[in-house]
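Below is one structure; the comments refer to it alone.
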Amino acid sequence: MKNPNGFQVIQLFEQFSPKAYAVEGDKIGLQIGTLNKRIKNVLITLDVVESVIDEAIAKEVDLIIAHHPPIFRPIKHLTTDTTYGRILEKCLKHDLAIYAAHTNLDVAEGGVNDLLADALELTNCEVLIPTYEELLKKLVVYVPETHEEIVRDELGRAGAGHIGNYSHCSFSVKGEGSFLPLDGSEPFIGKKGEKEYVKEVRLETVFPASIQKKVVSAMLKAHPYEEVAYDLYQLDQQGKKLGLGRIGKLTSELTLQEFAEHVKKKLEVDHVRMVGHPQAKVKKVAVLGGDGNKYIQQAAFKGADVYVTGDLYFHVAQDALMLDLNIIDPGHHVEKVMINGVKNKLSDLCDKQKFQVNILSSEINTNPFTFV
């Protein structure tokens, strides 16, 4: 086991929630402190409020990963006799780094919206609002026949060759390679000054451009040659579409009233706001964590019977009625599903890398609302 630094922990996190997924202008990434230090304890939280900072200090946390960015608007002044100022002061005094993953975590597979859809037990889910389309690349590498399967397997483990519901997809054709080792070389096959002919395999696979560094690194590590011959090609066809929100189906039809109770139970909230007739039939469900006011048209266009989202405005609710779109508003705070979701995902990745680091879930309730 090894103790990672902050860059290594965030590198693992960004494997499933890369910055490229974030909508333009979103305030993401490292916001306070430094990643250039050893990390023993990481705290996952929805919000960065003073009680969460106190919790992190008590638990000797080195890095906080939050969904909602603590610095979202420009700071005009910093005074430590305000709550916001004390938060920043405590972070700096206790060497607390804070990293924010906002809309990139909303968009990511296994991120906020997938976690909400899973909690609501939706099936056959699709992206509600496409915002990102992966660019695809192809890797072609020439490998001696003795190492074909070794390189092929490592490429698959690195994430190359994923097509639909299939992994480790590749193509190969046999041929003959030739080379002449010069002075200073240490050839795996052949001798210096003598031209060598080797039975090789041309191995091809595709991968998302976002993981190119990881894929090439895995290939080079597995390849036996001192100098590896390989090519990278940009492809015209696009990869998977990612985006905000999800739309799927319930396993059985419910009334809107029954579905509201289902939401309360599954998302662990005491109250929801409901728009629509209580006896309306619900089967197809759209869900979008956070503030989803501006997406009611898309939810209606995609045939949702009900739209689950937070922070619903009065006039948007009236617009939804005119669209015959039912709405359940469980509040913004249901995004708390990301806490344990990210903890479990990041813990698994750290374990695979044999990183000696504790990933902790914040136990602080950051919901500012109380129902009376």
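Of all residues in the stretch 231-238, at least one satisfies being under 24 Å from ILE129 (Cβ atoms) and in contact (Cβ under 8 Å) with a residue 60 or more places away in the chain. Please tell me if GLU253 is closer than 21 Å to LEU128 by Cα and acidic (Asp, Glu). So GLU253 fits the description; yes.
The set of residues in the stretch 273-283 being in a loop (DSSP other than H, G, I, E, B) and open to solvent by 40 Å² or more (accessible area, probe 1.4 Å) consists of HIS277, PRO278, GLN279. Candidates are the residues of the stretch 117-136 that are more than 16 Å from ALA300 (Cα to Cα) and of a type in the set (D, E, K, R); the one that is least open to solvent (accessible area, probe 1.4 Å) is GLU134. Scoring ILE129 on the criteria (1) touching a Ser or Thr at 6+ places or on another chain (Cβ under 9 Å); (2) more than 30 Å from HIS223 (Cα to Cα) leaves a single failure, condition (1).
The values are calculated or read from the model by the stated rules, or taken from the named source; none is laboratory data. Nothing here was measured: the structure is a model prediction, and the numbers come from that model. Counting neighbours? That spans all protein chains shown, and the Cβs are built from the backbone with ideal geometry, glycine included. Ligands, DNA and RNA are stripped out before the accessible areas are found, and what is left, the full protein with its side chains, is counted by its heavy atoms. Shrake-Rupley method; radii C 1.70, N 1.55, O 1.52, S 1.80 Å.
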